[in-house]
Amino acid sequence: MPQVLVPTVCPYCAAGCGFFIAVEKERALGIEYMPEHPASEGSLCSKGNAALEILYHPDRLRTPLKRHGDGWARITWEEALDLTARGLGGPLKKYGPNSIGFFASSKCTNEENYLIEKLARVLGSKNVDGCARLCHAPSVVGLNRTLGAAGMTNPIKDLANSKCIFVIGSNLAENHPILSRWIHRAKDSGAVVIVADPRMTHTAWMADVFLQLKPGTDVALLNGLIHVIIKEGLIDREYVAKWTRGYEELAESVRDYTPEKVAEITGILAGDIVRAARSYAISPASVILYSMGITQHTTGTDNVQAIANLALICGHLGREGTGVMPLRGQNNVQGACDMGALADFYPGYRKADDPETIEYFRAAWGVDSVPLGRGLTATEMIDKAGTGEIKAIYIVGEDPANSDPCSQNVRAALDNLEFLVVQDIFMTATAQLADVVLPAAAWAEKEGTYTSTERRVQWSAKAIEPPGSARCDLDIICEIAKRLGAQFNYPDAASVLAEINRVVPQYGGITRPRLDDFGLIWPCPNLNHPGTPILHTQGFKFSEGRATIVPVSYKPAAEDSSWDYPFILTTGRVAVHHNAGSMTRRSPSLLEREPNLFVEINPFDALRLKVADGDEVTVTTPRGETVAYARITERLKKGVAFMPFHFPGTNILTSEVRDPEAMIPEFKVSACKITRRD
Ligand SMILES: Nc1nc2c(c(=O)[nH]1)N[C@H]1C(S)=C(S)[C@@H](COP(=O)(O)OP(=O)(O)OC[C@H]3O[C@@H](n4cnc5c(=O)[nH]c(N)nc54)[C@H](O)[C@@H]3O)O[C@H]1N2
Ligand SMILES: Nc1nc2c(c(=O)[nH]1)N[C@H]1C(S)=C(S)[C@@H](COP(=O)(O)OP(=O)(O)OC[C@H]3O[C@@H](n4cnc5c(=O)[nH]c(N)nc54)[C@H](O)[C@@H]3O)O[C@H]1N2
Ligand code: SF4
Ligand SMILES: [Mo]
């Protein structure tokens, strides 16, 4: 049989790089690059290049399992689906629909997420959410309020047109590596790069101005930049007058954020604050890129709003090379949110507490009722599992037992459920707590659409068959739905996409036949529409087309260093691992490059702690302790420590305290102590 090249989309991050899987005799043999791809132009990072390694891993789940004493029994699909339907249907009948919850998956296709959302809603449950809660929930709240839309405003390759690139709280060189190429291209044409991060990251190496701030002080920095820009008369007066409201209140609110005061709060030199402010304001086209360093805070929503304020007063929106770019994380977190995998929204960002939304979906889905009002977020569902108010949860492609903060509490809460079903490609820490585990097909073993961070909806084709009796998520969801009495007759992904085209206006023109040439960028309301790469070119969706400036004031993070816990611990990522690690820790070429959990500390602190590079240390917070290898590096300032969360243990340390609106935990600031293990 000849070799065929099957087009696919990388299963890791939201850059959405495309490549071909070379298939021969039904086996995925290797990767062929895709030079015509608009975002990646044939490049892939270390994870993309290693993507096929997980497909044939011996740990892949191959049959459905049910708990059997302390172990597992293999069962048939019939039994697994019946058990699941009973496990969810029992509490539904006995305690009502809001006693059950659903975790959608940013690893799954739009079609699969749409069906999880629809299943929850037609069963009457408001509780359906996803990993965006741990990720860009503050962008959804903050950017919808200020700009009226939460997506990235400009496409990835437009970065090359920018003259000033301000990266704040994002390590894109490691976490969206393919984006760095476009930044280098901008630099080649003279763009200035500013990076604000507590660590001297790979991204910071690209910076002309590096602002090494104390974790959790971003609002002070952003208000400081706004202060300088106003004081020096650098705002775009015409833009502010025509397209914004609320400028006067903002000017008043930042009056005290002098460079000297901000320097004191953030630890950045006052002169650098002035330099950064001038560069951003004066350049003809400036863009802001941000991600988890901004959102994963108790002030995540404030941070996002402060970013929008900065862009608005300088008029750096709605044109080439400008914009606000919240870099999405998972390969399909953008699409999962678009499909309604958020407790506060139905598909297409229709508000769950708006009676018109309810009418719309009742009619669209031909059902008697769907629930009105915001449901529990993923983080709240875990709380309520712990208190017994949530009785059963269906988790698709998420690993909260490792990825949520304070994992010991998460595990106890999930253990407290009457019924937990987990659908994954590997036996994760979360799956270990389940009553039933359903083996899913991985991305290359199924078809459907994924929406990348630039809002590009791409079709990924099926290359190979899943292992054992694993089935694609779409089929599994439909089978469970049918057993619970819902009419889910969808033979394939295309049939679900056709319904999405009818029900979600932003996807109205994104039909299967139009997706063959690297997809389309939403909003794309009809079949003749070419897609919308740049948002806000004609103002904003609010009255008179004006965006809303929302002044915010600096509030310190929930925890600070103290006598007992002298370090500030911040957590995040490295290039060769992905999230809780179920995939990359099973990828030999990646694991080899970063095999163990480590904690980065500054040389001065290491000397004081009598710790040498590679020593085992115990990291302790008020929540618990974890052992890691010390990595001594000048990347961090004194008193700050960094750990990746790709290995179990990091989230034992992190705190559950949340942003009050977006409900995202403060993964980026925990007070900790570090001691050498003798
Ligand atoms: N290699 C790799 N790539 C990934 C992922 C992965 O796990 N591994 N995950 C994907 C996902 S889900 C996501 S959401 C994205 C996340 O991508 P990023 O947001 O880039 O990831 P993080 O490393 O969590 O955090 C980014 C930076 O924020 C900095 N930071 C910490 N605290 C603060 C602060 O208070 N203020 C500021 N300004 N910065 C701070 C950290 O030092 C870090 O450099 O990556 C995606 N891509
Ligand atoms: N300390 C700390 N914790 C964090 C963060 C941090 O910066 N610091 N970041 C947070 C962020 S931004 C995020 S997004 C979350 C991520 O949290 P999670 O979404 O829980 O993380 P993943 O490990 O990516 O889990 C995805 C799961 O989907 C499975 N999977 C892959 N493909 C498929 C498929 O096709 N079908 C099915 N059914 N399953 C599949 C994988 O095996 C994996 O178990 O973590 C958060 N946790
Ligand atoms: S940048 Fe992201 S999408 Fe591209 S190859 Fe790397 S992990 Fe995959
Ligand atoms: Mo994320």
Identify the residue in region 1-33 that is among the charged types (D, E, K, R) and part of a strand (DSSP E or B) and, among all such residues, is farthest from ligand 1 (Cβ to nearest atom).
E24
Output the number of residues of region 554-588 satisfying the condition of being within 16 Å of ligand 4 (Cβ to nearest atom) and more than 18 Å from P215 (Cβ to Cβ).
9
What number goes with the only condition from (1) surrounded by fewer than 24 Cβ atoms within 10 Å (Cβ to Cβ); (2) in contact with a strand residue (DSSP E or B) (Cβ under 8 Å, 6 or more places away or on another chain); (3) not assigned by TED's automatic domain parsing to the domain that holds N161 that D354 does not pass?
(2)
Mind listing whichever residues of region 421-445 are open to solvent by 10 Å² or more (accessible area, probe 1.4 Å) and either more than 16 Å from M583 (Cα to Cα) or polar (S, T, N, Q) (or both)?
Q432, L433, D435
When residues of region 92-136 are filtered for being basic (K, R), open to solvent by 10 Å² or more (accessible area, probe 1.4 Å) and within 11 Å of ligand 2 (Cβ to nearest atom), how many remain?
1
I'd like the residue in region 106-133 that is assigned to a loop (DSSP other than H, G, I, E, B) and out of contact with any Cys (no Cβ under 8 Å at 6 or more places or on another chain) and, out of all such residues, is nearest to ligand 4 (Cβ to nearest atom).
K107
Being among the β-branched types (V, I, T) and over 20 Å from A662 (Cα atoms) is the filter here, so list the residues in region 376-412 that pass it.
T387, I390, I393, I395, V396
I'd like to know if region 660-667 contains one or more residues that are within 14 Å of ligand 1 (Cβ to nearest atom), part of a loop (DSSP other than H, G, I, E, B) and open to solvent by 50 Å² or more (accessible area, probe 1.4 Å).
no
Specify which of the listed residues (G335, G321) is in contact with a Ser or Thr (Cβ under 6 Å, 6 or more places away or on another chain) and either within 16 Å of ligand 3 (Cβ to nearest atom) or assigned to a strand (DSSP E or B) (or both).
G335
Of the conditions (1) away from ligand 1 (no atom under 16 Å from the Cβ); (2) open to solvent by less than 50 Å² (accessible area, probe 1.4 Å); (3) touching a Ser or Thr at 6+ places or on another chain (Cβ under 8 Å), D605 fails just one. Which one is it?
(3)
Residue that is outside the structural domain of R374 (by TED's automatic domain parsing) and under 20 Å from the mean Cα position of the chain (by Cα), where the choices are V141, V228
V141
Checked region 248-271 for anything within 15 Å of I229 (Cβ to Cβ), of a type outside the set (A, V, I, L, M) and crowded, with 18+ Cβ neighbours inside 10 Å; matches are S253, Y257, P259
Note on region 507-521: residues more than 13 Å from N110 (Cα to Cα) and under 28 Å from the mean Cα position of the chain (by Cα) are G508, G509, R514, L515, D516, D517, F518, G519, L520, I521
Test: A413 is in the same structural domain as I75 (by TED's automatic domain parsing) and in contact with a Pro (Cβ under 7 Å, 6 or more places away or on another chain):
no
Kindly check whether there is at least one residue in region 330-341 that is open to solvent by 20 Å² or more (accessible area, probe 1.4 Å) and within 13 Å of ligand 2 (Cβ to nearest atom).
yes
Using the structure shown, decide if S589 is out of contact with any strand residue (DSSP E or B) (no Cβ under 9 Å at 6 or more places or on another chain), at pLDDT 95 or above and hydroxyl-bearing (S, T, Y).
yes
Failed condition for T618, given (1) in a loop (DSSP other than H, G, I, E, B); (2) at pLDDT 95 or above, with all others met?
(1)
Looking at region 219-231, is at least one residue in contact (Cβ under 8 Å) with a residue 40 or more places away in the chain, of a type in the set (A, V, I, L, M) and open to solvent by 10 Å² or more (accessible area, probe 1.4 Å)?
yes
Can you list residue pairs whose Cβ atoms sit under 6 Å apart, with the first residue in region 634-659 being buried (at least 18 other Cβ atoms within 10 Å of the Cβ) and of a type in the set (D, E) and the second being modelled with pLDDT of 95 or more and part of a loop (DSSP other than H, G, I, E, B)? Count only pairs 6 or more apart in sequence or on different chains.
D659/T298
Right, D383: at negative phi, free of Cβ contacts under 8 Å to residues at least 24 places away in the same chain and open to solvent by 10 Å² or more (accessible area, probe 1.4 Å) or not?
no
Of the residues A486, A575, only one is within 16 Å of ligand 1 (Cβ to nearest atom), of a type in the set (G, A, S) and in a loop (DSSP other than H, G, I, E, B); which?
A575
Out of all the residues in region 578-602, which are surrounded by fewer than 17 Cβ atoms within 10 Å (Cβ to Cβ) and in a loop (DSSP other than H, G, I, E, B)?
P595, N596
Residues (among the hydrophobic types (A, V, I, L, M, F, W, C), assigned to a helix (DSSP H, G or I) and either touching a residue at least 12 places away in the same chain (Cβ under 8 Å) or open to solvent by 10 Å² or more (accessible area, probe 1.4 Å) (or both)) located in region 176-211:
I178, L179, W182, I183, A186, W205, M206
For residues that are over 30 Å from N175 (Cα atoms), of a type outside the set (D, E), open to solvent by 40 Å² or more (accessible area, probe 1.4 Å) and part of a helix (DSSP H, G or I), tally how many sit in region 34-83.
1
Residue match in region 306-323 (condition: in the same structural domain as G233 (by TED's automatic domain parsing), under 27 Å from S670 (Cβ atoms), under 25 Å from the mean Cα position of the chain (by Cα) and open to solvent by less than 10 Å² (accessible area, probe 1.4 Å))
yes
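The values are calculated or read from the model by the stated rules, or taken from the named source; none is laboratory data. As the structure is a computational prediction, the values presented were derived from the model and not from experiment. With ideal geometry, Cβ positions are generated from the backbone for all residues, glycine too; neighbour counts draw on all protein chains shown. The protein model used for the area step is the full one, side chains on, heavy atoms only, and it has no ligands, DNA or RNA in it. Shrake-Rupley method; radii C 1.70, N 1.55, O 1.52, S 1.80 Å.
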